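The values are calculated or read from the model by the stated rules, or taken from the named source; none is laboratory data. Quick caveat: nothing in here was measured; it's all calculated off a predicted structure. Using ideal geometry, Cβ is built from the backbone for each residue, glycine included, and neighbour counts are taken over all protein chains shown. Ligands, DNA and RNA are stripped out before the accessible areas are found, and what is left, the full protein with its side chains, is counted by its heavy atoms. Shrake-Rupley method; radii C 1.70, N 1.55, O 1.52, S 1.80 Å.
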Amino acid sequence: MTVVWALSGAVAGLLAGVVGRGLVHRLAVPGGAPDRGCPRCGGPVGWTSRCCGRVLGPRLELVTAAVVASAAVRFAGRPEVVAFAFLGVLGVVLALIDVAVERLPDRLTLPAYPVLVALLAAAGDWAALGRAGLGCLALGGAYLVLGLARPGGLGPGDVKLAGVLGLALGWLGWPELVVGGALAFVLLGLTSAVLLAARRITLRDALAFGPFMLVGALVAIAL
Ligand SMILES: [Zn+2]
């Protein structure tokens, strides 16, 4: 059965990756800038991310397929599998946009709240749903305090993403929430130390934090 779940997840992830690639291409622009169009004709890029007969953007389908396949195996046969597959697709898209332009667009993070709540509610575990709500407030609140305490560190996009991740981690349990939240800072610290030692960055550089939050949550969910 595990093989069936992994394969179905991989196929679903490949299909979702086609849409994800279009989103990354369109939305990886500085804040306030219009969506990026087709590099040839400048026209709008459709949801299948094709224009002028050419496939646009990075090849992220394989990453999305791997993430969704792991979600399918981790939550095989459980009703919350769709919610975590959705989070996986969203996470890949957000991480790539954050790496490219250091922002997490509201157009992706804000709709993720109602979608994720609806998918988790459909799983029908009310105790877990209540804990998800508290996890959302806890992680989002912690990031809000950190962002206010040190302006220029965490951005508003990071705070909004923290609320989304708090929903998913809180659904799983308090240990997952604490581990997932803390791992982001551990991973950021380790990566910064390695890049500093390799002289790839200086102390003045700030790395995009979104990918570390997402990888931290991914590890906590996977374990
Ligand atoms: Zn075109």
Being open to solvent by 70 Å² or more (accessible area, probe 1.4 Å) and at pLDDT below 90: is that true of LEU203 here? yes
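Considering the stretch 51-65 alone, what residues qualify as being more than 9 Å from the ligand (Cβ to nearest atom), open to solvent by 30 Å² or more (accessible area, probe 1.4 Å) and either modelled with pLDDT under 85 or not aliphatic (A, V, I, L, M) (or both)? Step through it out loud before you land on a result.
Going through the stretch 51-65, the residues more than 9 Å from the ligand (Cβ to nearest atom) turn out to be 55, 57-65.
Subsequent filtering for residues that are open to solvent by 30 Å² or more (accessible area, probe 1.4 Å) retains 55, 57-59, 62-63.
Listed by number, the residues that qualify are VAL55, GLY57, PRO58, ARG59.
In this structure, does GLY46 turn out to be within 16 Å of the ligand (Cβ to nearest atom) and open to solvent by less than 40 Å² (accessible area, probe 1.4 Å)? Steps first, please.
Numbers: within 16 Å of the ligand (Cβ to nearest atom): yes; open to solvent by less than 40 Å² (accessible area, probe 1.4 Å): yes.
Judged against the criteria, GLY46 is a match.
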Scope the stretch 111-130; condition open to solvent by less than 30 Å² (accessible area, probe 1.4 Å) and part of a loop (DSSP other than H, G, I, E, B); matching residues: ALA123
Name the residue that is farthest from VAL19 (Cα to Cα), counting only residues in the stretch 99-110 that are buried (at least 16 other Cβ atoms within 10 Å of the Cβ) and touching a residue at least 60 places away in the same chain (Cβ under 8 Å). GLU102
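Taking the residues in the stretch 31-43 that are within 13 Å of the ligand (Cβ to nearest atom) and under 21 Å from LEU104 (Cα atoms) as candidates, determine which candidate is least open to solvent (accessible area, probe 1.4 Å). Reasoning before the result, please.
From the stretch 31-43, those within 13 Å of the ligand (Cβ to nearest atom) are 36-43; that's our starting set.
Among the residues that remain, those that are also under 21 Å from LEU104 (Cα atoms) are: 36-37.
Working: ARG36: 102, GLY37: 19 Å².
If we take residues in the stretch 31-43 being within 13 Å of the ligand (Cβ to nearest atom) and under 21 Å from LEU104 (Cα atoms), then GLY37 is least open to solvent (accessible area, probe 1.4 Å).
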Is it the case that the stretch 105-114 has a residue that's under 30 Å from GLY152 (Cα atoms), modelled with pLDDT of 90 or more, in contact with a Pro (Cβ under 9 Å, 6 or more places away or on another chain) and more than 16 Å from the ligand (Cβ to nearest atom)? yes
Return yes or no: is LEU15 in contact with a helix residue (DSSP H, G or I) (Cβ under 8 Å, 6 or more places away or on another chain) and away from the ligand (no atom under 16 Å from the Cβ)? no
Taking the stated definitions as given, is GLY9 of a type outside the set (A, V, I, L, M) and more than 16 Å from the ligand (Cβ to nearest atom)? yes
Contact list, first residue from the stretch 1-30 and closer than 26 Å to ARG107 by Cα, second anywhere and aromatic (Phe, Trp, Tyr), beta-carbon distance below 9 Å, six or more apart or interchain, is ALA16/PHE86; VAL18/TRP47; VAL19/TRP47; GLY22/TRP47; LEU23/TRP47
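One line per residue, one yes/no per condition, for (1) modelled with pLDDT of 95 or more; (2) farther than 30 Å from PRO39 by Cβ; (3) open to solvent by less than 60 Å² (accessible area, probe 1.4 Å):
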position	(1), (2), (3)
ARG74	no, yes, no
ILE97	no, no, yes
ALA132	yes, yes, yes
VAL145	no, yes, no
ALA149	no, yes, no
GLY152	no, yes, no
GLY157	no, no, yes
LEU165	yes, yes, yes
ALA168	yes, yes, yes
Give all pairs with beta carbons closer than 9 Å in which a residue from the stretch 182-209 that is touching a residue at least 40 places away in the same chain (Cβ under 8 Å) and under 15 Å from GLU102 (Cβ atoms) meets a residue that is open to solvent by less than 60 Å² (accessible area, probe 1.4 Å) and of a type in the set (Phe, Trp, Tyr); count only pairs at least 6 apart in sequence or on separate chains. none
